[in-house]
Amino acid sequence: MAKHRTYTENDLRYLKMLARMFPTVRAAATEIINLNAIMNLPKGCEHFISDVHGEHEAFLHILNSCSGVIRERLDELFANAVSRDELNQLATLIYYPKEKLEQIKPQIKDMEEWYRITIHRLIQVARATSERYTRSKVRKALPPDFAYILDELLYTHGEDLDKRDYFENIISTIIAIGQAPDLIAAICALIKWAAVDRLHLVGDIFDRGPRADIICDSLLQHHSVDIQWGNHDILWMGAASGSRTLVATVVSNSIHYNNLEVVETGYGISLRPLSVFANEVYKNTDVSRFAVKLMGEEALGVSEKDKLLSARMHKAITVILFKLEGQKILRHPEYGMEDRLLLDKIDYENRCVTINGVTWPLEDVDFPTVDPKDPYALTPEESSVIDQLTSSFLNSEKLQRHIRFLYSKGSIYKIFNGNLLFHGCIPMDKEGNFLTFNLDGVDRSGKDFLDYADAAARRAYYYKMGTPERELGMDFLWFLWAGRNSPIFGKDRMTTFERRLIKDESSWSEPKNPYYTLYEQPEICDKILKEFGLEGPHCHVINGHVPVKAKKGESPLKAGGKLIVIDGGFCKAYQSTSGIAGYTLIYTSYSFRIPPPPTCSSCWRAARRSRRPTRAGSSKNRSTICSSFWTPSTTAWWPRTTRASRGGRFCFAAFSLWRKRKSGAKREIREGKQG
């Protein structure tokens, strides 16, 4: 006799919901069959990018090329049948179809024949890239204008004798009625969609580079993306939430790096209130320590008058920033940052400041708005300026749309396919224990602390303006940006005060959390993974934030491959430190690969020559596919014993890394063959 199963109230609630979706046994059986079949498809390609820092040209090229995934597939399909120049041209066409078509039209004598051959090749590529998806999923991704035609071309093979004429007639008709360019663009879009199943952006979309807004616009159009907030993302999220301190920080950073295009052009935020105030109040003060950073060609087009105005604005907003940061530290003794209250430590007569018992000479003590008796109080004029700027951030429709997207698709950390993704660090002490933070009267550490931080960050934006919860959330966003051992900042202190006012660079040091030393140890990585419920050889930590100093021989692989650092290094200001434009990460059903992104000043200018953009640190054009060597200009990979499926657990082949210690030697990775 069959046993009767009892169901809880919760079980019954879910069963009733499922019954509405699948009202019959046949409907439920069909869905079970479908899901079981999907679980045995190869997992889709995952693309990891980090620290793009507003470099929209490089980012869009990486997005279009999928860090070499498309080029690898072209090599697999056509390497023995098509010349290298034609392959390069086909790759560029897929990346930039409209631009490439305009470029090559004057060069082709028989355009109809070229269209015919190209469409055939693109259909082959589209079939190959979409083969790991169900037909239903591919159909949903087809461009509406060509959905029926592409469905027929993808699933009707020209080699089939019974349908050869049908297949060829579709293509001939498309060419005859002048729709070939649009069809080619549609197929290229489908190929790029199919090449990457999931995009992971591991933090820092904003700052340094010119147009973070363009990057956000492209991410809004991406079919499947998640974001792990970086410290610069948190900064802009706080500014968009209405934090005056973080608005001042955004404006100060943007002026310092001559990056006002994203503020003024991208988001329509006027800095006129600040420029008028700075020209009046700081007209006769020394602003030499607040000169704007100008790199390369951009320095040639800036007049001395503009440089002087920028320096005055920079000094004015930085003084406002120091005051607002001091107010936050005084409001929150639990942050443990009283040693960063520095305006009240200035000795104006002797032009020096005492920090942690050490006295440093100051290059500038000319602060007309600072009252030594009450140094953290804003003047009425300063308060008016920062209020106007904050209102502009709150009322920028485009900025608010982008920040809502960051909140909806983002989080402090993410667990996906057995990997733990986060931007900064898991705060630890020197012994490898998780640091404890007392917040709201509760001691929090590890995963519990990151969960609290995620919730607090959301309160800053979604709670009603003026409520205590929103104010506390905005203050906590500042802590995440610059706080001691913040999981996103990952350092002991942010030395903006010292960098602006003290000449001695030894005062500028920002000691990193011990995590960045300990993560070389496999047992520490295992401990972190276990804290987040992950165990086994298939699990990895994927980290951004800190550039890999490739020119000094540093590897992006830590702890024997358990942790992978993929600071993209897109920001040109960091490339002199790292010696490379950083790394991206590709994770397929067969392997992980670490291709470095290109460092071309304009990726389209490089692509239009139908060549692969040059890799950082390399004098030649290098392949982005798997190599048996790992160097800063090629790739690392390690294969799997079995191909990963969507439903299975992932098992990696053992790998070992031998380094040749001599200068300039390549690091050879030896591995077993794929199962």
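A few notes on this one:
- Per-residue extension of 0.36 nm, minus the Cα-Cα distance of residue 330 and residue 169, leaves a gain of 50.4 nm for this segment.
- Extension gain, residue 510 to residue 464, is 13.0 nm, computed as 0.36 nm per intervening residue step minus the present C-alpha separation.
- Compactness of segment 273-346, taken as the C-alpha radius of gyration over 2.2 N^0.38 Å, stands at 1.39.
- 21 Å Cα-Cα threshold exceeded, pairs from 16/43; 491/549; 409/527; 430/512; 283/305; 512/552: 16/43; 409/527
- Chymotrypsin sites (Phe, Trp or Tyr not before Pro) lying in DSSP loop within segment 1-102, provided at most 14 other Cβ fall within 10 Å: 7
- Inter-part distance where segment 62-88 and segment 376-398 are each reduced to a Cα centre, Å: 51
- Which of 380, 285, 357, positive extreme of dipole for segment 283-432 (C-beta unit charges): 380
- Solvent exposure of segment 431-507 amounts to 42 Å² per residue of accessible area, where only protein heavy atoms count and the probe is 1.4 Å.
- Expressed as a whole percent, the accessible area of segment 302-395 that falls on carbon and sulfur atoms is 50 (1.4 Å probe).
- Per-residue ³J(HN,Hα) for segment 259-265, Karplus 6.51 cos²θ - 1.76 cosθ + 1.60, θ = phi - 60°, Hz, x for Gly and Pro: 10, 7, 4, 5, 6, 7, 7
- The string of couplings for segment 268-284 from the Karplus curve (6.51, -1.76, 1.60, θ = phi - 60°) is x, 9, 7, 9, 4, x, 6, 5, 5, 4, 5, 5, 7, 7, 10, 4, 10 Hz, one whole number per residue in order, with x for Gly and Pro.
- When the solvent-accessible area of segment 458-509 is split by element, carbon and sulfur atoms take up 52 percent of it, the probe being 1.4 Å.
- FRET efficiency for the residue 443 to residue 84 pair, using the beta carbon distance and R₀ = 45 Å, is estimated at 0.15.
- Sites residue 401 and residue 284 - FRET efficiency at Förster radius 30 Å, r taken between beta-carbons, to 0.05: 0.10
- Label reach from residue 265 (point 7 Å along Cα→C-beta): in segment 386-405, amide nitrogens under 18 Å belong to 398-399.
- Qualifying chymotrypsin sites (Phe, Trp or Tyr not before Pro) for segment 313-359 [loop in DSSP, other Cβ within 10 Å: at most 15]: 348
- Loop-resident GluC sites (Glu not before Pro) (DSSP state other than H, G, I, E or B) in segment 262-371 with no more than 16 further Cβ atoms inside 10 Å of their Cβ: 349, 363.
- Taking every protein chain into account, the accessible area of segment 70-161 amounts to 53 square angstrom per residue (probe 1.4 Å).
- Residue-normalised accessible area of segment 217-300, given per residue in Å² at a 1.4 Å probe: 37
- Volume per residue of the C-alpha convex hull in segment 1-95, rounded to whole Å³: 240
- Each of residue 414 and residue 391 was given a label point 7 Å from its Cα along the Cα-to-Cβ line. The distance between the two points is 3.7 nm.
- Largest to smallest accessible area among 162, 233 [probe 1.4 Å]: 162, 233
- Gyration tensor (alpha-carbon) shape descriptor, segment 166-290, a/c threshold 1.5: prolate
- For segment 87-139, alpha-carbon Rg over 2.2 N^0.38 Å: 1.33
- With every protein chain in place, segment 123-189: carbon and sulfur % of accessible area (1.4 Å): 50
- Listed values for segment 371-388 are Karplus-derived 3J(HN,Hα) couplings in whole Hz (6.51 cos²θ - 1.76 cosθ + 1.60, θ = phi - 60°), namely 8, x, 7, 9, x, 9, 8, 6, 6, x, 5, 5, 4, 5, 4, 5, 5, 5, and x replaces Gly and Pro.
- If R0 is taken as 51 Å, the Cβ-Cβ distance between residue 14 and residue 349 corresponds to a FRET efficiency of 0.10.
- Inter-part distance, segment 210-289 to segment 120-143, computed on C-alpha centroids, equals 40 Å.
- Computed about its Cα centre, the charge dipole of segment 290-444 is approximately 760 debye, with only Lys, Arg, Asp and Glu carrying charge at their Cβ.
- Taking a ≥ b ≥ c as the square roots of the eigenvalues of the alpha carbon gyration tensor, segment 215-373 is oblate, as a/c is not under 1.5 and a/b does not beat b/c.
The values are calculated or read from the model by the stated rules, or taken from the named source; none is laboratory data. This one's a predicted model, so the numbers in the text were calculated from it and none came from an experiment. Counting neighbours? That spans all protein chains shown, and the Cβs are built from the backbone with ideal geometry, glycine included. Remember, those area values only see protein heavy atoms, side chains included, never the ligands or the DNA or RNA. Shrake-Rupley method; radii C 1.70, N 1.55, O 1.52, S 1.80 Å.
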